[in-house]
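The values are calculated or read from the model by the stated rules, or taken from the named source; none is laboratory data. As the structure is a computational prediction, the values presented were derived from the model and not from experiment. Reconstructed Cβ throughout: ideal geometry from the backbone, glycine too, with neighbour counts over all protein chains shown.
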Amino acid sequence: MKAWNFIDGEWKAASSGQRASVINPANGEVIGEAALSTAADIDAAVKAAKAAQKQWALVPAPKRAEVLYRVGSLLKERKEQLARLLTMEMGKVIEEARGEVQEGIDMAFYMAGEGRRLFGDTTPSELKDKFAMSVRVPVGVVGIITPWNFPIAIATWKSFPAIVAGNAVVWKPALETPFMARELAAIFAEAGLPRGVFNVVHGDGPTAGGALVEHPDVPVISFTGSNDVGRQIAEKCGRLLKKVSLEMGGKNAVIVMDDADLTLAVDGIIWSAFGTSGQRCTACSRVIVHERVKPELERRLLEAVKTLTIGNGLDETVKVGPVIHEEALQKIDRYVRLGVEEGAKLLIGGHRLRDDAYARGFYYAPTIFTDVTPSMRIAREEIFGPVVSILSVGSLEEAIAVNNSVDYGLSSAIFTRDVNNVFRAMRDLDTGIVYVNAGTTGAEIHLPFGGTKGTGNGHRDSGVAALDVFTEWRSIYVDFSGKLQRAQIDTGD
Ligand code: UN1
């Protein structure tokens, strides 16, 4: 399999001729190769996008939306095939891969609806015979940079609103997962999107991503990935006065109060901590439990972890797949060693899986630490693997304070049956997403997705909020009085 660039409606190898191997994390096999592009390829894509965007912006938005409806239908038709390919390049279990493709389908139909909305405001003017309104206008060429953990869903959160709003896109997907990008580009072409409106350039972050960020004809960058890279992008965009939307890490917690339904809490924790092998920015990596139920919760979590089947995600019975690559395995393992050094107690896991069945893939045992304190690094830093830390507290106030004490603010969850606890948590948890009696993952596409503090920079993906990233507001005043009327002065006072 090959994943070449998609520029101006054509498949092209990188201009340098370079390519990178794509590895299936479940078994270490090379499944194909992707173009390893340079600034020249980015430039070609931006040129094509810039030319195409001018025409695309003139297509009525409801017509633009018709392309998205067709994209949604094609994604739906190919859901199973896409899900299998997704599992092969990324490793997540097939059921989750289907869910991820579904997220793209949902986004297509939802954003297509925006073709007939894209609402602005009309508002009275302070002057006679004058009309005032605000409308959304496209920004031009949008640069999108996405991670490997959601190779298609995150791209849909960003490209669909950009395209329905009349922009053209240059997308630099993660090099680990180029095939979902290839499939999405092919679907756009089949759905009748004019050439040049959606372009894909594969490559590594510093070279291809860097060139996209720096390109003078790309006024907006939308990035999902690590905090470190996000900061570098923000610095560059700040210097270039570009609009930049950043969606970065999380250190998401599930709070379990002493009145919680523990069976439900365990289900929520296991799903959100070990689903996608913990490689979601929304993954639960902390459990903040009321001390009265701590022993019982630990006992039940241990029991539940032992039932998790680990292996190749294409096997329907497997619940936890591999992590993305060797480097990720080593990072996870370093954090686990650090947790032990810091004095946390390892309840279960804490090692990579090396038996025959796992030998060639990248597998880490689901890991639980307990007696973790809020100042330990394993309780503060994003590990991005199947590792969860249990911290105990004596009250709701303390639980909320511990939740809020980290540098991130993406998602949080509380299990309780007390309505007062619920409303306090809804008010005081400092995260962009709050769940009540559910784990920390599972955001739906029609709500804003993003977080506070180190998780982002105030923008949101998905939902109508995403349109704010990909449009400028234009305020328009129409004076039909036939004379000069000066605002704030000729108001007749
Ligand atoms: C991510 O991990 O970057 O809420 C996205 C969720 C998914 C999206 C996660 N719908 O867990």
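Would you point out the residue of the stretch 92-103, among those that are within 17 Å of the chain's Cα centre (by Cα) and not polar (S, T, N, Q), that is surrounded by the fewest Cβ atoms within 10 Å (Cβ to Cβ)?
The extreme case among them is Gly99.
Are there any pairs with C-beta distances below 8 angstrom linking a residue in the stretch 66-83 that is assigned to a helix (DSSP H, G or I) to a residue that is of a type in the set (Asp, Glu), with the two at least 6 apart or on different chains, and if so which?
Arg70/Glu190; Leu74/Glu190; Leu82/Glu183; Ala83/Glu100
Going through the stretch 430-450 one residue at a time, which ones are of a type in the set (A, V, I, L, M, F, W, C), in a loop (DSSP other than H, G, I, E, B) and within 8 Å of the ligand (Cβ to nearest atom)?
Those that are of a type in the set (A, V, I, L, M, F, W, C), in a loop (DSSP other than H, G, I, E, B) and within 8 Å of the ligand (Cβ to nearest atom): Ala443, Ile445.
Restricted to the stretch 109-145, and to residues that are of a type in the set (Asp, Glu) and in a loop (DSSP other than H, G, I, E, B), which residue is farthest from Gly225 (Cα to Cα)?
The qualifying residue farthest from Gly225 (Cα to Cα) is Asp129.
When you look at Val22, is it outside the structural domain of Leu314 (by TED's automatic domain parsing) and either more than 14 Å from Pro173 (Cβ to Cβ) or hydroxyl-bearing (Ser, Thr, Tyr) (or both), yes or no?
Taking the combined requirement at face value, the residue does not satisfy it.
If you go through the stretch 43-61 one residue at a time, do you hit one that is part of a helix (DSSP H, G or I) and under 23 Å from His446 (Cα atoms)?
Within the stretch 43-61, one or more residues are part of a helix (DSSP H, G or I) and under 23 Å from His446 (Cα atoms).
Looking at Gly209, Gly203, Gly192, can you tell me which residue is away from the ligand (no atom under 16 Å from the Cβ), within 25 Å of Ala283 (Cβ to Cβ) and at pLDDT 95 or above?
Being away from the ligand (no atom under 16 Å from the Cβ), within 25 Å of Ala283 (Cβ to Cβ) and at pLDDT 95 or above holds for just one of Gly209, Gly203, Gly192, which is Gly209.
Can you tell me which residue is nearest to the ligand (Cβ to nearest atom) among those in the stretch 409-429 that are under 18 Å from Lys251 (Cβ atoms) and in a strand (DSSP E or B)?
Among them, the one singled out is Ser411.
Can you tell me which residue is surrounded by the fewest Cβ atoms within 10 Å (Cβ to Cβ) among those in the stretch 226-255 that are part of a loop (DSSP other than H, G, I, E, B) and at negative phi?
Residue satisfying both the conditions and the ranking: Ser226.
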